[in-house]
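S.K.: Input: one structure, supplied below.
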Amino acid sequence: MKVLKFGGSSVANSENIKKVLAIVANASKEQKVAVVVSAFGKTTDNLLAAANSALVDITIAKNILETIKELHYQVIDDLISSQKKEVLEVVTSLLDRLCSIYEGVFLLQELSDKTIAKVSSFGERLSSFIIANAANELFDAAHKESKALISTNNEYLNAQVNFKITNQNITSFFDKNKHQVTVLGGFISSNIKGETTTLGRGGSDFSASIYAAALNAVELQIWTDVPGMFTANPRVVKQAYPISEISYEEAMELSHFGAKVLYPPTIQPSLRKEIPIRIKNTFDPENVGTLICNNPNNSDEVKGISHIEDISLITLEGGGMIGIPGFSKRLFETLSLEKINIVFITQASSEHSICVGVYQDDAAKAKELLDDTFSIEIDRKKIKPIIVENDLAIIAVVGESMKNYQGLSGQMFSALGRNNVNVRAIAQGSSEKNISAVINKSNAKKALNTLHEQFFEEKTKQLNLFVTGVGNVGERFLAQIQQQRKFLKENLKLNIKVIGIANSRKMFFDNDGIDLENWKKSLENGEPTTLKSFHEKVIASNHINSVFIDNTANEEVSEVYETYLRESISVVTCNKIACASSFDNYKTLKQVSRKYNASFLFETNVGAGLPIIDTLKNLINSGDSVHKIQAVLSGSLNFVFNNFNDKATFHDVVAAAQKEGYTEPDPKIDLSGVDVARKILILARESGYKIELEDISNNAFLPEETLNTKNNEDFYASLTKSEGHFQNIYKEANDKDCRLKYVAEFINGKANVGLQHIASDHPFYNLEGSDNIVLFFTDRYPENPLIIKGAGAGADVTASGIFADVIRIANK
Ligand code: ADP
Ligand code: ASP
Ligand code: MG
């Protein structure tokens with residue numbers, strides 16, 4: 001004998017029920033089968049919604065009932081022909097009874113647990129009857145009312161099974177039953193008086209296990225809409241996968257902590273008889289699914305992660321509890337007398353506080369009861385009034401062999417910490433089958449994904465990017481990611497997704513990763529953005545390993561980095577403004593980055609994609625110290641002075657540099673030397689010196705009038721006006737056989753930038769195009785400097801520098 005249970009979605013409509021019948025036909029070829037079914041689709045929800053509506057407005061209740069009727073009549077129409085008349089008669093009379101109950105609720109304005117149980121039982125009564133008759137059209141099948149077999153106490157909505165009576169009922173019925181297939185409704189039961197009771201929401205799994213145990217079935221199969229019990233809820237963790245085998249205890253822990261795929265009490269009856277449970281997918285019957293058994297073939301120390309939302313923490317706290325026995329007894333007694341379920345317990349070893357987790361719906365009542373129980377101690381100030389904290393969630397990491405491994409809880413909590421998930425309370429059962437933590441509900445998705453990555457996905461790391469600024473650099477950056485994604489996934493086991501993008505007007509988010517072929521269109525159709533709304537969206541999307549990328553040159557954007565870092569979101573930027581702002585601000589960003597374990601990387605602030613800052617960091621971290629830096633750091637100025645001579649106008653050369661993408665959007669920032677000053681400032685700071693932009697002497701070559709222009713148009717006009725001035729500068733250098741280079745120097749704590757005449761024997765003399773060069777003179781390189789040279793401007797190399805920073809974060 002086998003027992004097969006089919007859940008609500010497996011029997012949601014005629015098409016699905018056909019799949020169920022095919023599975024049952026196949027399974028019943030070799031042996032007898034008991035089939036336990038849930039109500040069709042969302043019928044139980046609808047039945048309850050109608051009952052609650054009936055209290056207020058009978059028309060609404062009847063409208064909902066109409067939807068229920070339509071679904072059931074449609075299934076009969078589609079699947080039953082020979083016995084249709086008889087089936088319709090029974091179903092219609094059941095639905096009429098149901099309608100009368102709703103009318104009764106409306107008239108009496110009363111909806112007791114007893115009535116709720118009765119109303120909700122109609123889902124399984126109807127579904128099992130209809131499916132049994134549909135099955136009988138194809139093979140030998142009969143219907144049996146579950147209510148007549150499963151006997152319980154009087155707790156109508158969460159009834160406790162009397163196994164002695166129930167097992168007798170089941171065995172004596174099946175002993176006489178000759179049919180190959182028997183279809184029973186799950187979830188429903190009755191008390192000694194014969195009144196309808198129910199086994200709790202999701203209880204059909206439990207019914208099936210009760211039958212399987214009573215009948216000593218060879219296997220219990222739970223057929224549902226996913227191919228097994230997953231490493232985490234697949235709707236929340238995209239990377240979750242089915243667990244091939246798992247023990248009864250582990251499955252019980254996972255379901256107790258929220259893995260809805262199995263109703264928690266289900267395991268117990270099957271465990272007692274050691275009946276293997278297989279979870280399978282009705283829509284993919286070939287898939288082996290998950291086997292729950294005594295000795296699973298699975299050596300993973302962590303088997304799964306689950307969570308429960310809408311938890312409240314109730315804390316009993318006060319010096320008056322120390323050393324005095326009985327506080328916890330009274331606490332638990334009070335809650336259990338009122339049937340308030342305790343999901344989680346911790347007690348600090350100082351005995352100064354006891355903390356329990358309960359469902360949020362019970363929290364207010366629990367507080368009231370406990371304040372009452374402890375009123376004397378509270379009045380005498382021995383303990384504080386009960387503290388309730390709402391909107392929490394519990395996450396649990398489950399695995400029987402966790403106890404044999406050291407450091408798993410360390411891994412769990414450091415992974416959560418790295419992703420800025422605040423842990424409010426911790427419990428580890430002494431059996432060490434699970435470690436659970438209470439966190440804010442808003443962090444649940446992130447926490448689950450973090451832990452899933454930690455314990456199940458070491459091999460592929462995910463990085464989620466939020467990109468602001470999709471102009472020159474941003475566009476190339478997105479193109480490079482698009483091009484490299486596959487390579488990174490296959491070779492570096494790195495899965496990079498761009499989740500959000502924004503320009504100054506619009507933003508667009510896709511939590512599954514933006515399609516980078518079509519991002520322009522998506523952004524165009526995106527929603528209006530501000531820095532604040534973008535930030536809020538990033539936080540709300542709550543992704544792990546998040547990186548904020550600033551591809552703008554905008555001061556306001558540079559001011560939001562700290563808010564990201566404080567959320568443990570790394571920041572990568574090609575915008576120099578933050579690192580070149582006040583030293584205090586630069587230092588704060590570095591400190592916040594360390595404190596919140598979020599990288600703050602800005603390699604492209606100096607020399608675009610050239611590895612200048614990274615090299616400098618490596619020198620400093622390995623104990624070297626910098627004495628002097630000499631550098632040509634402006635790709636734009638280099639381009640300008642390499643192309644400017646007595647045959648070209650200064651204006652045209654600058655315009656060409658801008659057109660090639662070698663300048664900042666405001667070219668005056670380059671030409672005035674401010675950009676170079678910012679770069680040497682950043683290098684000096686990264687070398688460990690406290691220095692401000694005002695400390696850098698800037699020997700500017702632009703005439704005062706040009707420096708004072710307010711927009712690009714005036715700026716260019718003024719260049720034309722001063723052509724003579726620029727020609728003089730060129731002539732002076734040319735007469736000495738020198739070339740003009742805009743040089744930045746940092747010597748023993750002091751920095752300067754300015755135009756210099758470079759003679760032919762100097763390493764700077766042959767610098768071409770928009771190339772940059774940096775000479776580091778350090779303890780280890782005192783005379784022959786460490787030289788870094790190469791293309792130092794342009795959108796492509798800058799984008800690749802940003803990309804390199806992203807990879808650095810991934811490798812951290
Ligand atoms: P049924 O109607 O068949 O009883 P349920 O909706 O009760 O199905 O349970 C199946 C659902 O459980 C899945 O669709 C999935 O969303 C959810 N679920 C939660 N945690 C897990 C998990 N760890 N593994 C598989 N499914 C899970
Ligand atoms: N139909 C019931 C419910 O929705 C029982 C079940 O499907 O397991 O809760
Ligand atoms: Mg279920």
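The values are calculated or read from the model by the stated rules, or taken from the named source; none is laboratory data. Keep in mind that what you see is a predicted model, and the values were worked out from it rather than measured. Positions of Cβ are generated from backbone atoms using ideal geometry, with glycine treated the same way; all protein chains shown enter the neighbour counts. Heavy atoms of the whole protein, side chains included, go into the accessibility calculation; ligands, DNA and RNA do not. Shrake-Rupley method; radii C 1.70, N 1.55, O 1.52, S 1.80 Å.
S.K.: Report yes if some residue within the stretch 486-493 is of a type in the set (A, V, I, L, M, F, W, C), open to solvent by less than 60 Å² (accessible area, probe 1.4 Å) and under 16 Å from the mean Cα position of the chain (by Cα); otherwise report no.
M.R.: no
S.K.: Checking the condition over 45 Å from the mean Cα position of the chain (by Cα), more than 24 Å from residue 14 (Cα to Cα) and either at pLDDT below 95 or charged (D, E, K, R) (or both), which residue from 114, 164, 118 passes?
M.R.: None of the others qualify; the one that does is 164.
S.K.: Looking for whichever is within 16 Å of ligand 3 (Cβ to nearest atom) and of a type in the set (D, E, K, R) here; the options are 260, 273. Which one fits?
M.R.: Matching residue, one of 260, 273: 260.
S.K.: Same structure again: Among the residues of the stretch 253-282, which ones are under 29 Å from residue 393 (Cα atoms), hydroxyl-bearing (Ser, Thr, Tyr) and not in a helix (DSSP H, G or I)?
M.R.: Listed by number, the list holds a single entry, 263.
S.K.: Is at least one residue of the stretch 32-44 surrounded by fewer than 21 Cβ atoms within 10 Å (Cβ to Cβ), away from ligand 2 (no atom under 14 Å from the Cβ) and within 30 Å of residue 228 (Cα to Cα)?
M.R.: yes
S.K.: Further question on the same structure: Restricting attention to the stretch 304-319, and to residues there that are within 19 Å of residue 382 (Cα to Cα) and open to solvent by 20 Å² or more (accessible area, probe 1.4 Å), which single residue is nearest to ligand 3 (Cβ to nearest atom)?
M.R.: That would be 317.
S.K.: Now a separate question. Report, by residue number, each residue of the stretch 421-435 that is open to solvent by less than 50 Å² (accessible area, probe 1.4 Å) and in contact with a helix residue (DSSP H, G or I) (Cβ under 9 Å, 6 or more places away or on another chain).
M.R.: Answer for the stretch 421-435, where residues must be open to solvent by less than 50 Å² (accessible area, probe 1.4 Å) and in contact with a helix residue (DSSP H, G or I) (Cβ under 9 Å, 6 or more places away or on another chain): 421, 423, 429, 433, 434, 435.
S.K.: Continuing with the same structure: Assuming residue 178 fulfils every condition listed in (1) modelled with pLDDT of 95 or more; (2) more than 16 Å from ligand 3 (Cβ to nearest atom) apart from one, which condition is it?
M.R.: (1)
S.K.: Where the second residue is of a type in the set (Lys, Arg) and modelled with pLDDT of 85 or more and the first is buried (at least 18 other Cβ atoms within 10 Å of the Cβ) and assigned to a helix (DSSP H, G or I) and lies in the stretch 391-420, which pairs have Cβ atoms under 7 Å and are six or more apart or on separate chains?
M.R.: Close Cβ pairs satisfying both conditions: 400/433.
S.K.: Any residue at all in the stretch 495-503 that is among the charged types (D, E, K, R), in contact (Cβ under 8 Å) with a residue 24 or more places away in the chain and outside any helix (DSSP H, G or I)?
M.R.: Yes.
One line per residue, one yes/no per condition, for (1) within 16 Å of ligand 2 (Cβ to nearest atom); (2) open to solvent by 50 Å² or more (accessible area, probe 1.4 Å); (3) among the aromatic types (Phe, Trp, Tyr); (4) over 14 Å from residue 242 (Cβ atoms):
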site	(1), (2), (3), (4)
260	yes, yes, no, yes
267	yes, no, no, yes
279	yes, no, no, no
282	yes, no, no, yes
297	no, yes, no, yes
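S.K.: Let me ask something additional. Could you tell me how many of the residues in the stretch 21-31 are at pLDDT below 95 and either open to solvent by less than 30 Å² (accessible area, probe 1.4 Å) or within 16 Å of ligand 3 (Cβ to nearest atom) (or both)?
M.R.: So the answer is 0.
S.K.: OK, next. Within the stretch 440-457, can one find any residue that is touching a helix residue (DSSP H, G or I) at 6+ places or on another chain (Cβ under 8 Å), assigned to a strand (DSSP E or B) and surrounded by fewer than 24 Cβ atoms within 10 Å (Cβ to Cβ)?
M.R.: no
S.K.: Only one of 210, 243 is crowded, with 23+ Cβ neighbours inside 10 Å and more than 16 Å from ligand 2 (Cβ to nearest atom). Can you tell me which?
M.R.: Just a single option satisfies the conditions, and that option is 243.
S.K.: Just to check your reading of the model, which residue among 264, 242, 276 is more than 7 Å from ligand 1 (Cβ to nearest atom), modelled with pLDDT of 95 or more and in contact with a Gly (Cβ under 9 Å, 6 or more places away or on another chain)?
M.R.: Step by step, each of 264, 242, 276 is checked, and only 242 is more than 7 Å from ligand 1 (Cβ to nearest atom), modelled with pLDDT of 95 or more and in contact with a Gly (Cβ under 9 Å, 6 or more places away or on another chain).
S.K.: Any residue in the stretch 550-571 that's on the phi > 0 side of the Ramachandran plot: show its pairings with residues that are open to solvent by 20 Å² or more (accessible area, probe 1.4 Å) at Cβ separation under 8 Å, as long as the two are six or more apart or on different chains.
M.R.: Final answer for the pair search is 568/418; 568/420; 568/596; 568/597.
S.K.: When you check residue 14 against the structure, is it free of Cβ contacts under 8 Å to residues at least 40 places away in the same chain, of a type in the set (Ser, Thr, Tyr) and open to solvent by less than 60 Å² (accessible area, probe 1.4 Å), yes or no?
M.R.: No: the conditions fail for residue 14.
S.K.: Right, another one. Quick check on the stretch 668-707: of everything there that is among the small types (Gly, Ala, Ser) and either over 29 Å from residue 618 (Cα atoms) or within 46 Å of the chain's Cα centre (by Cα) (or both), which residue is most open to solvent (accessible area, probe 1.4 Å)?
M.R.: Here the residue is 688.
S.K.: Take residue 581 and decide whether it is at pLDDT 95 or above, in a helix (DSSP H, G or I) and among the small types (Gly, Ala, Ser).
M.R.: So residue 581 does not fit the description; no.
S.K.: Under 8 Å by Cβ, and 6 or more places apart or on different chains, what pairs join a residue from the stretch 244-263 that is free of Cβ contacts under 8 Å to residues at least 60 places away in the same chain with one that is open to solvent by 50 Å² or more (accessible area, probe 1.4 Å) and near ligand 1 (Cβ under 8 Å from one of its atoms)?
M.R.: Between residues of the stretch 244-263 that are free of Cβ contacts under 8 Å to residues at least 60 places away in the same chain and residues that are open to solvent by 50 Å² or more (accessible area, probe 1.4 Å) and near ligand 1 (Cβ under 8 Å from one of its atoms), the close pairs are 259/233; 260/233.
S.K.: Here's a follow-up. Have a look at 218, 119 and point out the one that is away from ligand 1 (no atom under 16 Å from the Cβ), more than 14 Å from residue 39 (Cα to Cα) and of a type in the set (Val, Ile, Thr).
M.R.: Going through 218, 119 in turn, the sole match is 218.
S.K.: Of a type in the set (Val, Ile, Thr), farther than 26 Å from residue 534 by Cα and open to solvent by 10 Å² or more (accessible area, probe 1.4 Å): is that true of residue 654 in this structure?
M.R.: no
S.K.: How many of the residues making up the stretch 536-575 are surrounded by 20 or more Cβ atoms within 10 Å (Cβ to Cβ) and assigned to a helix (DSSP H, G or I)?
M.R.: 6
S.K.: Got a sec? Which of 227, 234 is touching a residue at least 12 places away in the same chain (Cβ under 8 Å), in a loop (DSSP other than H, G, I, E, B) and within 16 Å of ligand 1 (Cβ to nearest atom)?
M.R.: Unique residue meeting the criteria: 227.
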